[in-house]
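J.: Encoded as structure tokens, here's the structure I'll be asking about.
Any read-out appearing in this document is the output of simple, stated calculations on the displayed coordinates, not a laboratory observation. Every value quoted in this text rests on a predicted model; they were computed, and no experiment measured them. Cβ placement follows ideal geometry from the backbone for every residue including glycine, while neighbour counts extend to all protein chains displayed.
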Amino acid sequence: MSKRLFVSVDLDGLSDAVAAVQDRFDGVSGLRLTDPAQAHVTLKFLGDTDPDRVDDIVTALEGAVEDSGVEPFEAELGGLGVFPSLSYISVVWVGVRDGQGGAELAALHKAVEDQTVAMGFDPEDHEFTPHATIARMDHAGGKETVQNAVENDDPDVGRLQVEEIRLKESELGPDGPTYRTVESVSL
């Protein structure tokens, strides 16, 4: 049976801060908050993958870390954004502050992308924006509340010491996805 896999940088130690940002959206119509304890920056979504490929993926991730030249670094998270646009919102996220780890995350993303595409995984079809999803919009009931927050709020989430990337498995359940670390690769 295949596993639903992705590569991430987890927001270890920031779940309370993520929850505090989510509080402003508590009870907003049409908005489904994510589990703050599972907050992460996705570097690459691999999708349904044969478990026999995990060892090769881990080897590719080790190569990607080496190729990226990225050493352990600090990222600062804060601010709000949405995908795909303020007029049509499907995802609400907190971002990485300018000059505060985004370049390192982009370098890791590019190296992971190059390695996994070489293995036959689909290339990304959009620009990489380092972010952590904090909510998903199921319908536009509370769209104005979200638009107002994105345009007027600039919450701080905090600083994150990034020392590894992780291969994660996503198991879909009735209460949303549960993520499990399959393997960690140190920077």
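J.: Would you mention how many residues in the stretch 44-65 are charged (D, E, K, R) and within 13 Å of GLU183 (Cβ to Cβ)?
T.: 4
J.: Give just the number: which of (1) in a strand (DSSP E or B); (2) crowded, with 17+ Cβ neighbours inside 10 Å; (3) of a type in the set (A, V, I, L, M, F, W, C) does PHE45 not satisfy?
T.: Single failed check for PHE45: (2).
J.: Filter the stretch 125-156 down to residues that are touching a residue at least 12 places away in the same chain (Cβ under 8 Å) and under 14 Å from the mean Cα position of the chain (by Cα), then give me how many there are.
T.: So the count comes out to 9.
J.: Still on this structure, please answer the following. Select from the stretch 89-144 the residues that are among the β-branched types (Val, Ile, Thr) and out of contact with any strand residue (DSSP E or B) (no Cβ under 8 Å at 6 or more places or on another chain) and list them in ascending order.
T.: The one that is among the β-branched types (Val, Ile, Thr) and out of contact with any strand residue (DSSP E or B) (no Cβ under 8 Å at 6 or more places or on another chain): VAL117.
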